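Please read the structure below before turning to the comments.
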Amino acid sequence: MEVERVEDGYDAWLRYVPVTDQKVLNAYQNEIDAVAIYGDSPTMNAIFDEFSEALPKLLSKRVSVQKGAIAKGEVVVSTPANSEWVSDSITKDEMDAIGDEGYIIKKVSDKILITANTDIGLLYGSFAFLREIQTGQPIDNIAITSAPKVKLRMLNHWDNLNRVVERGYAGLSIWDWGRLPEYNDPRYTDYARLTSSLGLNGTVVNNVNADPRMLSDQFLNKLVTIAGALRPYGIKVFISINYQAPIRIGGLKTADPLNEEVKEWWAKKADEIYALIPDFGGFLVKADSEGQPGPFKYGRDHAQGANVLADALAPHGSMVIWRAFVYSPEQYDRFREAFDEFTPLDGKFRDNVLLQVKNGPIDFQPREPFSPLFGAMKQTNTMLELQITQEYFGFANHLAYMGPLYEEVLDTDTYAEGEGSTVGKVISGEIFGYDYTGMAGVVNLGTDRNWTGHPFVQSSWYAFGRLAWDYTLPADEIAEEWIRMTFSNDQEFISTVKDMMMNSREAGVNYRMPLGLTHLYAQGHHYGPAPWTVNLPRPDWTAVYYHKADKEGIGFDRTKTGSNAIEQYNEPLKTQFSSPETTPEELLLWFHHLSWDHEMNSGNTLWEELVHKYYAGVDEIRTMQKQWDSVKDHMDERRYHFVKALLEIQERDAVRWRNSSVLYFQSFSNRPIPDGLEKPEHDLNYYIGLEKTEYIPDPWYN
Ligand code: BDP
């Protein structure tokens with residue numbers, strides 16, 4: 001008797017369910033009888049395992065997966081070095097074009113060839129081939145050549161050593177430190193499969209707010225097991241370090257980066273790490289930011305701080321990733337901070353330092369203009385940090401596919417070297433010719449059976465990985481791939497769910513902070529609304545600091561009459577953002593303080609437009625609820641009911657965000673809610689009261 005699949009989300013996009021379209025299936029069945037794998041290494045074994053698992057399930061037939069021996073009807077997986085037939089089937093130019101990690105899939109007479117220069121390239125090619133089958137693509141004339149545009153494609157986990165995950169909403173850390181190094185949890189391998197199937201090649205295992213013990217012998221030994229599990233999948237481990245480690249675990253009196261003993265300590269520590277993990281990736285550092293220690297204490301700057309670590313790692317060929325997420329309480333405008341601190345240091349960092357910059361100047365808000373650092377660091381390798389975990393998007397309760405946000409950032413023009421200098425091109429090194437390039441996604445998955453809590457957060461993990469490989473991929477195509485692999489190849493299901501996903505980020509912007517409003521969250525946990533937040537130890541943690549609403553109007557003036565942060569952008573952006581008329585409306589209140597009666601493109605006043613946006617956000621969630629219900633019959637009950645319930649929560653929260661915000665801003669604008677819109681059920685005080693009693697689904701916060 002066949003046992004029914006339990007769709008608990010564990011397999012994510014590697015479900016390998018049988019192809020159901022009979023025509024498509026017939027074609028695959030004719031084409032594929034066997035897989036011949038050449039070469040012997042842990043990575044080749046991983047390829048062997050993946051095909052052995054996937055193909056019989058997908059094709060509902062026996063497929064012989066073997067090492068060596070080419071016959072008819074086969075898929076051949078090999079580097080040219082390992083098979084004469086392969087090297088005869090491919091030219092040197094073709095191979096040169098794909099580098100170390102790229103792959104080629106093509107038809108050669110009656111066989112399908114998957115080739116690459118390295119075993120890891122073969123693994124990426126194998127996953128890509130399986131993706132074609134999972135998504136129902138024709139393979140009779142298959143011809144795919146692909147290579148990553150960015151070198152370092154990594155996940156950042158904000159996992160503490162006690163396994164509580166900062167901004168993680170899906171259970172405990174997957175790294176089971178208490179049982180490491182002895183127990184090699186099979187979950188590490190499944191994590192590696194999912195991650196590597198997207199082409200990601202690095203992971204930072206611990207929180208940027210780093211515990212110094214991560215560098216202790218005890219934890220480094222634990223890390224050896226994790227590194228071993230991820231290695232066959234081409235994923236290098238990195239760690240976040242605490243800048244005071246020389247004192248905290250090294251027993252030194254100082255952590256001054258220019259002190260000789262400190263330099264030696266880091267160099268020796270690097271040697272120790274490489275003795276244990278020869279392919280260790282490097283360090284990630286959050287320094288002099290939000291209370292984390294750093295070089296400032298010793299009167300040193302970020303470059304001096306980073307370079308001591310870079311020098312320690314250079315002999316091992318690896319790198320330091322230094323975060324640019326800094327802001328001081330004294331600054332008049334937090335927007336300006338990272339740029340003002342880092343641009344004077346351009347050219348002062350070692351070649352093996354990368355500056356990791358969040359997409360926007362503040363902090364992973366639902367919509368931010370891009371960080372002006374992306375157009376400014378000509379001599380410093382600058383990489384992009386995106387957030388996958390939904391810290392500002394309703395945790396694991398709300399559906400918010402991040403593909404459109406990532407795409408928006410990557411496609412934005414910085415004008416660094418004239419028109420067409422998009423953020424994507426900057427971070428791939430095409431504009432300034434960086435030595436190292438990278439993209440990081442803060443993922444914070446956990447021990448929840450489905451890894452990410454909300455099943456759709458998986459789609460942002462997926463999108464991040466695909467875009468880290470190729471930043472030009474369209475977010476809607478990525479969504480479609482993900483839906484096909486994760487749910488179904490049914491056309492109606494795909495178009496409905498793709499529509500939900502593609503609208504979900506904008507809906508989240510609309511019911512929280514439209515028209516360029518930002519940072520209106522309840523302090524600390526960042527779940528519910530609290531635009532009324534005042535009087536915190538730091539002004540830039542309050543909401544009033546960001547929206548600056550008063551009787552006259554609303555918004556943050558960042559033009560010459562205000563903080564002049566717009567001067568950090570290249571022309572023509574500087575000019576464009578300097579006037580409300582030429583500023584895109586979705587960024588309007590980021591740059592301008594405007595009267596409630598300011599006329600918008602639609603003819604509405606600013607007040608009316610703001611209210612309409614808030615209402616649109618709620619309507620969009622209600623539409624998503626209907627859409628989900630309409631495809632009920634195209635999926636399993638389990639996931640249907642789970643997401644249905646989550647959408648109910650989201651609708652409830654969206655209404656609360658809308659009512660809180662509209663009533664609060666109305667207390668300044670003194671203008672009515674336009675006719676025809678449903679009136680908030682309660683008064684403002686009721687919503688303010690909710691903040692004090694709300695239950696926060698965040699184990700790290702409570
Ligand atoms: C903020 C988070 C905080 C992180 C910080 C960071 O609220 O938990 O530690 O970013 O990126 O978004 O360092």
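The values are calculated or read from the model by the stated rules, or taken from the named source; none is laboratory data. This is a predicted model, so every value here is computed, not measured. Cβ: placed from backbone, ideal geometry, glycine included. Neighbour counts: every protein chain shown. All accessible areas refer to the heavy atoms of the entire protein, side chains included, with ligands and DNA or RNA removed. Shrake-Rupley method; radii C 1.70, N 1.55, O 1.52, S 1.80 Å.
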Among the residues of the range 66-100, write down those that are open to solvent by less than 40 Å² (accessible area, probe 1.4 Å) and either within 24 Å of Leu200 (Cβ to Cβ) or among the β-branched types (Val, Ile, Thr) (or both). Val75, Val76, Val77, Ser78, Thr79, Val86, Ile90, Met95, Ile98, Gly99
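Matching residues to (1) open to solvent by less than 40 Å² (accessible area, probe 1.4 Å); (2) touching a Ser or Thr at 6+ places or on another chain (Cβ under 8 Å); (3) more than 13 Å from the ligand (Cβ to nearest atom); (4) at pLDDT below 95:
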residue: Ser328; (1), (2), (3), (4): yes, no, yes, yes
residue: Arg336; (1), (2), (3), (4): yes, yes, yes, no
residue: Leu345; (1), (2), (3), (4): yes, yes, yes, no
residue: Glu391; (1), (2), (3), (4): yes, no, no, no
Please work out which one of (1) out of contact with any Leu (no Cβ under 9 Å at 6 or more places or on another chain); (2) within 19 Å of Lys498 (Cα to Cα); (3) not polar (S, T, N, Q) is the condition Val643 fails and give its number. (1)
Return a yes/no flag: does the range 549-562 have any residue that is in contact with a helix residue (DSSP H, G or I) (Cβ under 6 Å, 6 or more places away or on another chain), farther than 30 Å from His634 by Cβ, without any contact (Cβ under 8 Å) to a residue 40 or more places away in the chain and not β-branched (Val, Ile, Thr). yes
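Would you be able to tell me the number of residues in the range 628-661 that are part of a helix (DSSP H, G or I) and either in contact (Cβ under 8 Å) with a residue 40 or more places away in the chain or of a type in the set (A, V, I, L, M, F, W, C) (or both)?
Of the residues in that region, 20 qualify.
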Being buried (at least 20 other Cβ atoms within 10 Å of the Cβ), assigned to a helix (DSSP H, G or I) and in contact with a Pro (Cβ under 6 Å, 6 or more places away or on another chain), is that true of even one residue in the range 182-191? no
Reported set for the range 353-368 where residues are in a strand (DSSP E or B), within 13 Å of the ligand (Cβ to nearest atom) and touching a helix residue (DSSP H, G or I) at 6+ places or on another chain (Cβ under 7 Å) is Val357
Considering only residues that are open to solvent by less than 60 Å² (accessible area, probe 1.4 Å) and assigned to a loop (DSSP other than H, G, I, E, B), which ones fall in the range 41-65? Ser41, Lys61, Val63
Report yes if Ala396 is touching a strand residue (DSSP E or B) at 6+ places or on another chain (Cβ under 8 Å), more than 13 Å from the ligand (Cβ to nearest atom) and open to solvent by 10 Å² or more (accessible area, probe 1.4 Å), otherwise no. no
Residue satisfying all of: in the range 120-171; within 23 Å of the chain's Cα centre (by Cα) and among the charged types (D, E, K, R); farthest from the ligand (Cβ to nearest atom) among these: Arg131
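How many residues does the range 271-289 hold that are more than 16 Å from the ligand (Cβ to nearest atom) and either under 11 Å from Leu220 (Cβ atoms) or open to solvent by 10 Å² or more (accessible area, probe 1.4 Å) (or both)? I'd like the intermediate steps shown before the answer.
To start, the set of residues in the range 271-289 that are more than 16 Å from the ligand (Cβ to nearest atom) comprises 271-282.
Remaining after also requiring either under 11 Å from Leu220 (Cβ atoms) or open to solvent by 10 Å² or more (accessible area, probe 1.4 Å) (or both): 271-280.
Matching residues across the range 271-289 total 10.
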Unique residue being within 15 Å of the ligand (Cβ to nearest atom), at pLDDT 95 or above and either of a type in the set (A, V, I, L, M) or open to solvent by 10 Å² or more (accessible area, probe 1.4 Å) (or both) when the list is Leu386, Leu410: Leu386
For residues in the range 101-111 being touching a residue at least 12 places away in the same chain (Cβ under 8 Å) and out of contact with any helix residue (DSSP H, G or I) (no Cβ under 7 Å at 6 or more places or on another chain), which is surrounded by the most Cβ atoms within 10 Å (Cβ to Cβ)? Lys111
Of all residues in the range 677-702, count the ones that are at pLDDT below 95, assigned to a loop (DSSP other than H, G, I, E, B) and either of a type in the set (Lys, Arg) or more than 31 Å from the chain's Cα centre (by Cα) (or both). 0
